[in-house]
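S.K.: Take this structure, written in structure tokens, and hold onto it; I'll ask about it next.
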Amino acid sequence: MADIAHLLGRSQDLEDTIFGVLELDNFGPEQLDARLDAGIRLAAVSLEHGAALRDLVGAGHFPSAVTLMRPQFEALTRAAWAVWAAKEADISRLQAPLTLMTEKEARKLTGLSEMLTQLEGKSPAGLVEMLNAFKETSLTALNSFVHGGIHVLTRHASGYPEHLVAQVVRNSNGLMTMAGMLLALLGADDAARSRMSKIQPEFADCLPPLLSRIGS
């Protein structure tokens, strides 16, 4: 899959550019309130999932790669929800030290569909629309991969055509770019936010075609 190798190289360039623009080491939790801290940590987790997904694709572990896009998407959604829609009790549940009791409390956190509903009218322009579009087009198949459903069984039998693998990488890159845009809104300076706004056209060859800029 020579084309996939090229796409993975471009995807790494995209990640390097995002990390270079944002300088994530400067997002110190000691400088943040609990809400922003939760949002930034969750967006960073989403970025890590995207990097791991590409590693799995490169190693030929396609079922695991596709599966990982589900938590990549949910971490990004929860990051936005934590910043703009979560109640203070939810933030406390997210940020509590891990114990058996706090683990039980964390099960009360809002689910994916309700997070998206609560974000409407509260988050920057375009964010909920893009998250909902991803959910509508991709979530059923991703859940099938997570739970050992028909999608993963079918692909295990018939294989993974190159165009499907490329689509997975591009969609994951789209989520990665959205996480970068979100982080730019939360903690970057004006110059970094301006640079992030130019990433989509610069890396259009490795992104989904309809990715729009958050906050436009």
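The values are calculated or read from the model by the stated rules, or taken from the named source; none is laboratory data. Only a predicted model underlies this, so the values are computations on that prediction, with no experimental measurement involved. Here the Cβ is made from the backbone with ideal geometry for all residues, glycine too, and neighbour counts use every protein chain on show. The accessibility values were calculated without ligands, DNA or RNA, using every heavy atom of the protein model including side chains. Shrake-Rupley method; radii C 1.70, N 1.55, O 1.52, S 1.80 Å.
S.K.: If you place +1 on the Cβ of every Lys and Arg and -1 on the Cβ of every Asp and Glu, how big does the dipole about the Cα centre of region 46-144 come out, in debye to the nearest 20?
M.R.: 140
S.K.: Additional query: With all protein chains present and a 1.4 Å probe, how do 147, 49 order by accessible area, largest first?
M.R.: 147, 49
S.K.: How high is the relative contact order of the chain, in percent, with contacts defined as C-alpha pairs under 8 Å that are six or more residues apart?
M.R.: 30
S.K.: When only C-alpha pairs under 8 Å and at least 6 residues apart count, what is the relative contact order of region 1-117, in percent?
M.R.: 26
S.K.: A further question follows. For the chain, give the magnitude of the charge dipole about the Cα centre (Cβ charges: +1 Lys/Arg, -1 Asp/Glu; no others), in debye to the nearest 20.
M.R.: 560
S.K.: Could you give the dipole magnitude of region 107-216 about its Cα centre, charging the beta-carbon of Lys and Arg +1 and that of Asp and Glu -1, in debye to the nearest 20?
M.R.: Dipole magnitude for region 107-216 comes out near 240 debye.
S.K.: So for the pair residue 100, residue 34, with labels modelled 7 Å out along Cα→Cβ, what separation do we get in nm?
M.R.: 2.4
S.K.: Could you give the accessible area per residue of the chain, probe 1.4 Å, as a whole number in Å²?
M.R.: 50
S.K.: Could you look at region 1-143 and say what percent of its accessible area is carbon and sulfur, using a 1.4 Å probe and all protein chains?
M.R.: 54
S.K.: Which distance in Å, rounded to a whole number, links the C-alpha centroids of region 145-199 and region 98-144?
M.R.: Cα centroid to Cα centroid, the span is 16 Å.
S.K.: Once the mean 1/r over all distinct Cα pairs of region 1-114 is inverted, what Kirkwood radius in angstroms do you read off?
M.R.: 15.8
S.K.: Please work out how many pairs of lysine residues in the chain are eight or more positions apart (or on different chains) and have Cα atoms closer than 20 angstrom.
M.R.: Counting lysine pairs in the chain gives 4.
S.K.: Using helices alone, what [θ] at 222 nm do you get for the chain, with -39,500 (n - 2.57) per DSSP H run of 4 or more residues, divided over all residues and rounded to the nearest 500?
M.R.: -24000 deg cm²/dmol
S.K.: Okay, moving on. Answer rounded, prolate or oblate for region 99-180, using the Cα gyration tensor with square roots of eigenvalues a ≥ b ≥ c: rounded when a/c is under 1.5, else prolate when a/b is larger than b/c, else oblate.
M.R.: Verdict is oblate for region 99-180.
S.K.: Any idea what % of Cα-Cα pairs in region 72-208 are farther than 19 Å?
M.R.: For region 72-208, the share of Cα pairs beyond 19 Å comes to 61 percent.
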